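Okay, structure first, notes after.
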Amino acid sequence: MPDTPAITIRRATPADVPALSRLLQALVAARKRTARTDEAFVLSHYVANPDGISCFVAEESGGALLGLQSMKRTAEGNSYGTPAGWGFIGTHVSPNAARRGVGSGLFRATLEAAQAAGVPAIEAYIGAGNSEGQAYYEALGFRTWRAPEGSVCKRFDLPA
Ligand SMILES: CC(C)(COP(=O)(O)OP(=O)(O)OC[C@H]1O[C@@H](n2cnc3c(N)ncnc32)[C@H](O)[C@@H]1OP(=O)(O)O)[C@@H](O)C(=O)NCCC(=O)NCCS
């Protein structure tokens, strides 16, 4: 078996946006995503979201980006129905790098950021048909607590 190249988890920067846009396009091609992938969206929603708490990328030793995990603080009356002041998480791992621990590595960094930001809980809003997304968050310790039409919402409670 070939060696697994070292993977570094670091904060995303605006210079990562083109590569992250391509990563999201690959997820669309693999039928794992339907939302926007353009660079303006990646910048405003993930890398430089004004409500953002953290946005981490996983980078292979050669410089390729394998994954992205963002977390923003939810506002009062947000459209997801998530309680205000929680972390709201999104995870996107390249289809070529699935099941190599990239998502788990990203969450170790995000959890630290959530603790530092003092959020009481993190919510993941997952499509009802997305069994791998549900299994991933469940493996990290998230648990289902509500199920809006077509979705499953899992929460991770941080110690007070
Ligand atoms: C879901 C996703 C983030 C998982 O990322 P990943 O880097 O493959 O996850 P990891 O390798 O860290 O897996 C951690 C654990 O999650 C669970 N898991 C991950 N993918 C799984 C799958 N396809 N089927 C079942 N369990 C899975 C397993 O328990 C796994 O541990 P194991 O490999 O030791 O059994 C990735 O597949 C992805 O980006 N999918 C498309 C976008 C998406 O669905 N995002 C999340 C919901 S919005």
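Within the stretch 131-160, the residues that satisfy the criterion of being aromatic (Phe, Trp, Tyr) and within 23 Å of ALA98 (Cβ to Cβ) are TYR136, TYR137, PHE142, PHE156. Selection of first residues in the stretch 78-107 that are free of Cβ contacts under 8 Å to residues at least 40 places away in the same chain and of second residues that are more than 14 Å from the ligand (Cβ to nearest atom) and assigned to a helix (DSSP H, G or I), restricted to Cβ pairs under 8 Å at least 6 apart or on distinct chains, gives the following pairs, ordered by first then second residue: GLY87/ALA114; GLY87/ALA117.
All of ARG100, ARG108 fail the test of being part of a loop (DSSP other than H, G, I, E, B), at pLDDT 95 or above, out of contact with any Lys or Arg (no Cβ under 8 Å at 6 or more places or on another chain) and surrounded by fewer than 23 Cβ atoms within 10 Å (Cβ to Cβ), apart from ARG100.
Taking every residue in the stretch 133-160 that is at positive phi and surrounded by 14 or more Cβ atoms within 10 Å (Cβ to Cβ) and pairing it with any residue that is assigned to a loop (DSSP other than H, G, I, E, B) and of a type in the set (D, E, K, R), at least 6 positions away or on another chain, yields no pair with a Cβ-Cβ distance below 7 Å.
You will find that of ALA12, ALA48, ALA19, the residue that is in contact with a Cys (Cβ under 9 Å, 6 or more places away or on another chain) and within 16 Å of the ligand (Cβ to nearest atom) is ALA12 and no other. Quick check on the stretch 112-131: of everything there that is assigned to a helix (DSSP H, G or I) and free of Cβ contacts under 8 Å to residues at least 12 places away in the same chain, which residue is farthest from the ligand (Cβ to nearest atom)? Among those residues, the one meeting the criterion is ALA116.
Yes or no: the stretch 78-98 includes at least one residue that is among the hydrophobic types (A, V, I, L, M, F, W, C) and over 30 Å from GLU149 (Cβ atoms). Yes, the stretch 78-98 contains at least one residue that is among the hydrophobic types (A, V, I, L, M, F, W, C) and over 30 Å from GLU149 (Cβ atoms). Applying the set (1) in contact with a Cys (Cβ under 9 Å, 6 or more places away or on another chain); (2) assigned to a strand (DSSP E or B); (3) under 19 Å from ASN49 (Cα atoms) to HIS92 leaves exactly one unmet item: (1).
The values are calculated or read from the model by the stated rules, or taken from the named source; none is laboratory data. A quick note: this is a predicted structure, and the numbers were derived from the prediction, not measured. FYI the Cβ positions are ideal-geometry reconstructions off the backbone, even for glycines, and counts take in every protein chain you see.
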